[in-house]
Amino acid sequence: MLNIKEIPVGNVFSKTSFKGYSYVVNPYTGCASGCLYCHACFIKQFTNHEDEEWGEFIDIKRWDGVVRTNRAVQGRNILMSTVTDPYNPVEKEYKNTRRILERLHEISCNLTVCTRSDLVLRDIDILKDMNAKVSISINSLNENFVSGLENSTPIANRFEALKKLHDEGIYTILCVSPIFPYITNFKEITEKAKDYVDEYWFENLNLRQPYKNKVLNFIRTCYPEYAAEYDKIYLNKDREYWFFLKHEIMQYCKKNKLTYKMDFRHN
């Protein structure tokens, strides 16, 4: 059962070290999508949720600030979000992301929205007027694989959302993330969306504690044929796979004249 709380906050903007962005906006603490591989689960230790499982709690941030007087964020590049999905399942009822977008609309800023949900289509009117960019994450065309890892929008719906956003003149980004070794087929994914995507982002699966063992156990149980390779990459710290994949992605994007970014990190 999902534990939902509404909490008042003084500000929703946080400075960030994410390259190309000055601030991030996270409408929620926690995320009902509960992705098994989510790096954001570390925030539990700072938000009084240590005894709760990731995906079983969410705090709705109630913010009544006035954006137009916040000169710090005017004209800046803002990312929504980094430790939650702004369109995770509870957004349909609570509309917290929508409220924040309405406030951001009051100023001139460069907003990029990152999500795995087609619920973003609900806000086409305001996103289009803000000249925002929208990134939707997809890391497989296999619905069984995806449903075993996360509680989120079906893959077909995500592709359809990208198409509708593009048709409305909104800049679209397909984020191939996280790339699961030997499972994610980046060429297959990019080819499927080539007619309605403006930019591609590629991010590797970077396993940290406390979710490393959960993901490795998932692979051992559901994809045992790759278990030895995952142990090699994540337990023995062998980065050869990522070295060659990074080169392959670069060559592919250059050959097909794709606008792209790569963020490969290793712990």
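The values are calculated or read from the model by the stated rules, or taken from the named source; none is laboratory data. The shown structure was predicted, so the numbers you read here are calculated from the model rather than taken from an experiment. Cβ coordinates were reconstructed from backbone atoms using ideal geometry, including for glycine residues, and neighbour counts include every protein chain displayed.
Checking Thr190 against (1) over 19 Å from Thr259 (Cβ atoms); (2) modelled with pLDDT of 95 or more; (3) polar (S, T, N, Q), which single condition isn't satisfied?
(1)
Which count do you get for residues in the range 205-228 that are among the small types (Gly, Ala, Ser) and out of contact with any Leu (no Cβ under 9 Å at 6 or more places or on another chain)?
Total satisfying the criteria: 1.
Every residue in the range 140-176 that is surrounded by fewer than 20 Cβ atoms within 10 Å (Cβ to Cβ) and in contact with a strand residue (DSSP E or B) (Cβ under 8 Å, 6 or more places away or on another chain), please.
His166, Tyr171
Would you say Ile100 is within 25 Å of Ser152 (Cα to Cα), free of Cβ contacts under 8 Å to residues at least 60 places away in the same chain and either among the hydrophobic types (A, V, I, L, M, F, W, C) or touching a helix residue (DSSP H, G or I) at 6+ places or on another chain (Cβ under 9 Å) (or both)?
Considered against the rule, which asks whether it is within 25 Å of Ser152 (Cα to Cα), free of Cβ contacts under 8 Å to residues at least 60 places away in the same chain and either among the hydrophobic types (A, V, I, L, M, F, W, C) or touching a helix residue (DSSP H, G or I) at 6+ places or on another chain (Cβ under 9 Å) (or both), Ile100 comes out as no.
Kindly indicate whether any position in the range 41-48 is touching a strand residue (DSSP E or B) at 6+ places or on another chain (Cβ under 9 Å), surrounded by fewer than 18 Cβ atoms within 10 Å (Cβ to Cβ) and of a type in the set (S, T, N, Q).
Yes: the range 41-48 contains one or more residues that are touching a strand residue (DSSP E or B) at 6+ places or on another chain (Cβ under 9 Å), surrounded by fewer than 18 Cβ atoms within 10 Å (Cβ to Cβ) and of a type in the set (S, T, N, Q).
Looking at Gly10, Gly20, Gly34, which is the one that is in contact (Cβ under 8 Å) with a residue 24 or more places away in the chain, more than 24 Å from Trp201 (Cα to Cα) and assigned to a loop (DSSP other than H, G, I, E, B)?
The conditions single out Gly10.
Being buried (at least 21 other Cβ atoms within 10 Å of the Cβ), of a type in the set (D, E, K, R) and over 12 Å from the mean Cα position of the chain (by Cα) is the filter; apply it to the range 101-139 and report the residue that is farthest from Phe218 (Cα to Cα).
Asp123
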